[in-house]
Amino acid sequence: MKTKILSFFITCLVAFGVQAQIDRSVQPEPGPAPKINLEEPETFDLDNGMKVMVVENHKLPVVTARLVIDNKPHSEAKPGTAALLSAMLGTGTEKISKDDYIEEIDFMGASVSFGSESAYANSLSKFFPRVFELMAKGALNPKFTQEEFESQKSQLIEGLKFSEKDVSSIASRMSNVLAFGKNHPYGEFATPESVESISLQDVISYYQTYFAPENAYLVVVGDIDDDKVKDLVEDHFEDWKKATPPVADLPAINPVKNTQINFVDMPNADQSELRVQNTIDIKMSDEDYFPLLIANQILGGSFGSYLNMNLREKHGFTYGARTSFDTDKYGASNFVASTSVRNAVTDSAIVETIKEIRRIRSEKVTEKDLELAKSKFTGNFVMALERPSTIAQYALNIETQNLDDDFYENYLQKIEGVTAEEVMRVAKKYFNADQMRIIVVGKGAEVVENLESLKLQGKSVPVNYFDKLGNSVKKPVFNKPIPAGVTVQSVYDAYIKAIGGKEAAQKVNSVIMTGTANFQGRNFDVVMKQTKDGKFLNELTMQGMVLNKSVFNGETGYNSVQGQKMDFTAEEIAEAKKEAGIFPELKPDVDSKLTGIETVNGEEAYVISSSDGKTKNFYSVTSGLKLQTLTIVEQMGQTVNSTTGYSNYKTVNGIQYPHTRILSPPGLEITINTIQVNEGITDADFQ
Amino acid sequence: MIKKFSLTALSCLLFGTGFSQEVEFTKYELDNGLDVILHQDNSAPVVTVGVMYHVGAKDEEEGRSGFAHFFEHLLFEGTENIERGEWFNIVGAQGGSNNANTTQDRTYYYETFPSNSLKLGLWMEAERMLHPVINQIGVDTQNEVVKEEKRLRVDNQPYGQLIFGMGEFMFKKHPYRTSVIGTMADLDAAKLDEFKDFFKKYYGPNNAVLVVAGDIDISETKKLIEDYYGDIPRGSKVEPVNIKEDPIKKAMVDTTYDDNIQIPLISLVYRTPGMKEKDSYVLNMISTILTEGKSSRMYKKMVDDEKEALQVLAFNNSMEDYGMYVIGALPMGDTPLNTLAESMDEEIKKLQTELISEKEFQKLQNIYMNRFVNSNSTVQGIASSLATYHMLYGDANLINKEIEIYQNITREDIKRVASEYLNDNQRLKLYYLPASEKPEGDAENQSQKQ
């Protein structure tokens, strides 16, 4: 009894001492769980079917209104129609011109925007009544003019170009196209052609059919009284005419029977975009929803998940890897593992991803991982309540996702109740490790060979090829094996022989080539001088004015761009020396490597790569002639491929010289008009 | 050294308007030089613990671009009491979230938790400040991860090089010339000992500010902070970068290529004053005039009326010592890039020669009030703002007073600043073109690389 009192006394001393000693080696335990407060929004309905929800919150003097029309998903006859409608909404009303409409909203510092079946407004509370009115008028009394239609249409077409070279955009498109099919509302996508075919009438019909109050919800959150909202809504939405949008069956979804790889070639890719996926049928109202949340969280839902710890922390393949699934009340959802990895490890990343998916199906998750995942949802749930919009979103979900009224009241309890057995059960049911679509969008020349030899569970995996639009195509040619007996030396010999033979080539001591170039309507003059012992001068002039000059005297050199002279760096000198001479191929070369056969403008060519990999020369397999030089240069922190193409070979003094050179970028074509051999050159040229 | 700002909060109560957006905070300094800022808001059970260190990419040694950001990654590897790989699990186990970010000027680490884990957050950041484990395994792993981040965010990203590449044109001496992400070669060159030295040099408490915001009790939090941070030894004094650039007097023109794009872009880039200067705020307003909202000048004219641009942009990339001001446009269809440049020049000329109208001026004030009100809507955002205003602007109370700076900008200021900084001979004209296709714009003076 006495010791107990004493120890209590000591505890008090320690806890309230001036400089309490803390034990840093012990991780602090959390305090008692904070109380959460789940408010309910005020709700009311209009006669036309629209439901209204209001969450009052006066912390900040702002109000947000969101109109959501929860129609059943429907295919667009001409994909892009919905996008055009959303772009045309907000460009004026029957009574307010476009300029006045936009000017007034901007003047109030407010924002108002529209989707094809939604609208949004946000403003300071003092401006809200007018901003809300403008949103309502923009949504319900829009004016569609032919002029605006044409303008938005050309912007949309131009905008589609935007993502055409973006590897991750193409991967997302492929993910949906392959999961749901091009005719499914979730798989369809707009193309310049589909947008071109849309008429103004198509947009108006879409609006008249689907912009209806039957399935509409209006959610207002912020610094405003519900009575005031009621007045505003009655003033501006009561006249919205009752209408019921049509409901059509959705196309069937075709899961794959065996795992397959679907590849899209994008030669500009520095990383491969990976999607490993299968379609699922899961609704928020399903019993499996909570266990699946936890299973996904442990597999790939967070930084510390199986997938990220493997791909990022263990292997350093990627900046991040995650899995996710969506829910859909119509049964069309997708489970996806996604990541971007450098080209060389694309196949390994697939193997490791599948391994982790198998792991969660076959190994019971540890108590620790389970608790961790649950805590994450509990924490997120608690923290989300900081935003007043959360309460509104919950209420909206209960309505639109057909949830029980007490879904969110029971949320934490449901999360807490998930067991390790349930996690394994749903992992087996929803993560179909043997029936997955693996989508790779990347650089075929560097990744396809490995993909084709990839084995999962000891079995090779079929590789299908697609274009960027999701059309099945034949396997493109990326690179071919080198025939036996071909070496760097044999390629050089064939080249020298093709241009006129070793004897003739060795007699060339100097060359002056003069030519012209036309670039975007401007004419340039080009002079290139070279000597056998490695001096050179290249000059680009426009109307006598020197734009660009590089000179090398065998030891030192400089670049001059519009009169600004920059001496060669040590690195540039080394490079100039290496490339020196009119026909460097005459000298034996032990550093370079024959790396493969690739096509240059449809012609097969041997690729000879310098030891540092920064320069590649391409020699025709059939003619032996040099077709192209590719140099990798670091520019503004990024590596850029710069190529010089050689064509139009013509004989001068017994040697064939290319009379056309194309520098790309920028796509500058140089035509050589005269070639002088062994005349007209002095050392002064290279000063 | 305790400052308390409660006057305005009080006046709000008096007027009873419910306009309670004043961010009240307490600021003090520990004996070891650590600045502490506390903000109490008990309306939701959420707390953010953040530490900002006054070190960024501009403090890197020559040939070590990307080092500060690389180092930020290393500080998640573990500490003497937190095992490697456990950092994220510990945060996750309490339902929290965390992250960090590096700019040219500072590095910021934070955790946001349900408020019953305040102590945990304080412990973790103290672990990081006192004794992180910096070893070869971490360096090797994070080297790969950072390189993947660069590929993801810069190399494989359409227009990814635009922002990262401008520095080398705008700065000849100042370290702002290299990018935060760095180059692959520099990332590979960094050695373990350099990371250890970097920690010693820059990560002392005297070079940091600790911010705790959210559902806390001030006196209890102060005590915890004393416990966890009070005995962390002071580091050596950090000398801030002090390099002055010569004025740009000659126009620069350059072209760069990006193989991830199809639509070219033309941009005009100017060097502008540091973020603390009033003129930097004026430049923010100029961006708003030019491109914010569909009634903004460049959008209205170039996108809507003339239909020559698909998109227009203007922003002030403001940093501690200098800023980079960027105006740009993407062409619609075959519009030559120089046509866009001419349109942009006309708009700049207009700002330099005519005062903006009273109505446009009032619009700016409304926009900035709206932005100000929305900026402090989460405790995580408040914590980051308090740290930034304190460390880089030298006044944490700007979180409440910045709006006054904007309110005091006059129409004449706008004209003056446009005339002073946005001149033809002080800028880079950058043609940013698709690599694989023949450019659609009219590129002047194409430089030739052979």
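All of the numbers you see were taken from the coordinates with simple rules; none came from a lab. Because the structure is a prediction, the values reported are computed rather than measured. We place every Cβ from the backbone using ideal geometry, glycine too, and count neighbours over all the protein chains shown.
A compact table of results
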| read-out | value |
| --- | --- |
| Inter-label distance for A:Thr516 and A:Thr622, nm, one decimal - labels placed 7 Å from Cα along Cα-to-Cβ | 3.2 nm |
| Cα gyration tensor shape of region B:175-236, rounded if a/c is under 1.5, else prolate or oblate by comparing a/b with b/c | prolate |
| Chain A: relative contact order in percent, alpha carbon pairs under 8 Å with at least 6 residues between | 11 percent |
| B:Lys249-A:Ser472 pseudo-label distance in nm [points 7 Å out on the Cα-to-Cβ vector] | 6.9 nm |
| Loop-located GluC sites (Glu not before Pro) in region A:389-489, at most 14 other Cβ atoms within 10 Å (DSSP) | A:Glu409 |
| Environment charge of A:Val26, counting only residues whose C-beta is closer than 12 Å and scoring Lys/Arg +1, Asp/Glu -1 | -1 |
| Assigned charges on the beta-carbon of Lys, Arg, Asp, Glu; region B:106-205 dipole about Cα centre (debye) | 420 debye |
| Principal semi-axes in Å for chain A [√(5λ), Cα gyration tensor, largest first] | 61, 36, 28 |
| Nitroxide proxy distance, nm - points 7 Å out along Cα→Cβ at B:Tyr28 and A:Asp493 | 8.6 nm |
| For region A:120-136, 3J(HN,Hα) per residue [Karplus equation, 6.51 cos²θ - 1.76 cosθ + 1.60, θ = phi - 60°, Hz, x = Gly/Pro] | 8, 9, 9, 7, 4, 4, 5, 9, 4, x, 6, 5, 4, 4, 5, 4, 4 |
| Packing rank of B:344-354, B:316-326, where each peptide gets the mean count of other beta carbons within 10 Å, highest leading | B:316-326, B:344-354 |
| Neighbour cut-off at most 11 other Cβ (10 Å), DSSP loop, trypsin sites (Lys or Arg not before Pro), region B:388-426 | none |
| Residue mean of other protein chain beta carbons inside 10 Å, A:265-273 | 4 |
| Environment charge of A:Ser197, counting only residues whose C-beta is closer than 15 Å and scoring Lys/Arg +1, Asp/Glu -1 | -4 |
| Helix A:167-180 axis, angle to chain A major axis (alpha carbon atoms, nearest 10°) | 60 degrees |
| Dipole axis of chain A (+1 Lys, Arg; -1 Asp, Glu on Cβ), positive-most option in A:Ala136, A:Gly222, A:Thr531 | A:Thr531 |
| Assigned charges on the beta-carbon of Lys, Arg, Asp, Glu; the protein assembly as shown dipole about Cα centre (debye) | 2420 debye |
| Electrostatic dipole magnitude of region B:191-266 [Cβ: Lys, Arg +1; Asp, Glu -1; Cα centre; debye, to 20] | 420 debye |
| Cut-off 9 Å between beta-carbons: net charge of the residues surrounding B:Thr378, Lys and Arg +1, Asp and Glu -1 | 0 |
| C-alpha long axis of helix A:226-237 to longest principal axis of chain A, angle in ° | 60 degrees |
| Proxy reagent accessibility, fewest Cβ within 10 Å first, across B:Val133, A:Val607 | B:Val133, A:Val607 |
| Projected-area average for region A:557-687 over all orientations - Cα convex hull basis, square nanometres | 10.0 nm² |
| Tensor-based shape of chain B (alpha-carbon gyration tensor, a/c under 1.5 rounded, otherwise prolate or oblate) | oblate |
| Gyration tensor over alpha-carbon atoms, region A:514-622, equivalent ellipsoid semi-axes in Å | 28, 21, 12 |
| Shape of region A:255-382, Cα gyration tensor, a/c cut at 1.5 | oblate |
| Order of A:Val546, A:Val508, B:Val46 - criterion: other Cβ atoms within 10 Å of each residue's Cβ, fewest first | A:Val546, A:Val508, B:Val46 |
| Fewest-first sequence of B:His390, B:His69, B:His131 by Cβ atoms within 10 Å of each Cβ | B:His131, B:His390, B:His69 |
| At most 10 other Cβ within 10 Å, DSSP loop - trypsin sites (Lys or Arg not before Pro), region A:31-97 | A:Lys35, A:Lys95 |
| 0 to 90° range, to nearest 10: angle between helix B:358-375 axis and chain B longest Cα axis | 30 degrees |
| MRE, 222 nm, helices only [DSSP H, n ≥ 4, -39500 (n - 2.57), over the protein assembly as shown, to nearest 500] | -10500 deg cm²/dmol |
